[in-house]
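Worksheet: the structure to be examined is printed underneath.
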Amino acid sequence: MEFEPVTEGKTGMDKIYLSKKDIAGLIKKMLYKYKEGKKNEVFPGYWIEKKGLLKVVEELSEKEKSIYILDPKGEDIREIGIGKNPVFVVGDHLGLPQKELKRLKKMGKLVSIGKRKYFASQTIAIVNNEIDRLEDSGLLE
Ligand SMILES: C[S@@+](CC[C@H](N)C(=O)[O-])C[C@H]1O[C@@H](n2cnc3c(N)ncnc32)[C@H](O)[C@@H]1O
């Protein structure tokens, strides 16, 4: 799924208003709109298609995005120097599958937000905060 919400224009016409509590319902609606072999735009800026993790990361890497794989064993996020338009790959409650991790490591860099393990949702919030702080202080490379 790709969420790139339209932020300009009229709510309900050009864009949809989305609060945190609407996300699960939105994902459910989008899953029903899946069409085999097609990238389907369900709402303005909200797409669904079926594609494996490696393929997604491979395509992003070809678009010259810097890929970072979140892992407590990685390099400290405060030390690596994050490039513009970074892509962060986060595991679920089981972590990233070992088989895919091997290939992911070839496409990106292992990055840590500390030695403790966090939930994926917490990890995303921490990473967003790190990027915001870098951007606010003009340090985003
Ligand atoms: C709940 S954790 C996965 C726990 C899983 N049981 C394991 O042992 O890998 C979910 C994801 O958050 C990210 N994560 C959690 N703690 C992290 C940390 N300290 N540094 C970097 N990424 C972290 C990783 O991508 C991880 O796969």
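The values are calculated or read from the model by the stated rules, or taken from the named source; none is laboratory data. As the structure is a computational prediction, the values presented were derived from the model and not from experiment. For neighbour counting, all protein chains shown are included, and Cβ atoms are generated from backbone atoms with ideal geometry for every residue, glycine included.
Annotation: of all residues in segment 32-44 being touching a strand residue (DSSP E or B) at 6+ places or on another chain (Cβ under 7 Å) and not in a strand (DSSP E or B), the one that is farthest from the ligand (Cβ to nearest atom) is PRO44. Cβ-Cβ distances below 8 Å connect the following pairs, each with a first residue in segment 1-19 that is over 17 Å from LYS29 (Cβ atoms) and in a loop (DSSP other than H, G, I, E, B), a second residue that is at pLDDT 80 or above and of a type in the set (Val, Ile, Thr), and a separation of six or more residues or different chains: ASP14/VAL6. Of GLU130, GLU141, GLU135, GLU100, all but one fail to be acidic (Asp, Glu) and not in a helix (DSSP H, G or I); the exception is GLU141.
Here LYS115 fulfils each of the conditions (1) surrounded by 16 or more Cβ atoms within 10 Å (Cβ to Cβ); (2) touching a Pro at 6+ places or on another chain (Cβ under 9 Å) apart from (1).
Comparison of ASP92, ASP136 shows that the only residue that is within 14 Å of the ligand (Cβ to nearest atom) and exposed (fewer than 12 other Cβ atoms within 10 Å of the Cβ) is ASP92.
Just so you know, in segment 55-82 the residues that are more than 15 Å from the ligand (Cβ to nearest atom) and surrounded by fewer than 14 Cβ atoms within 10 Å (Cβ to Cβ) include one that is nearest to ASP132 (Cα to Cα), and it is GLY81.
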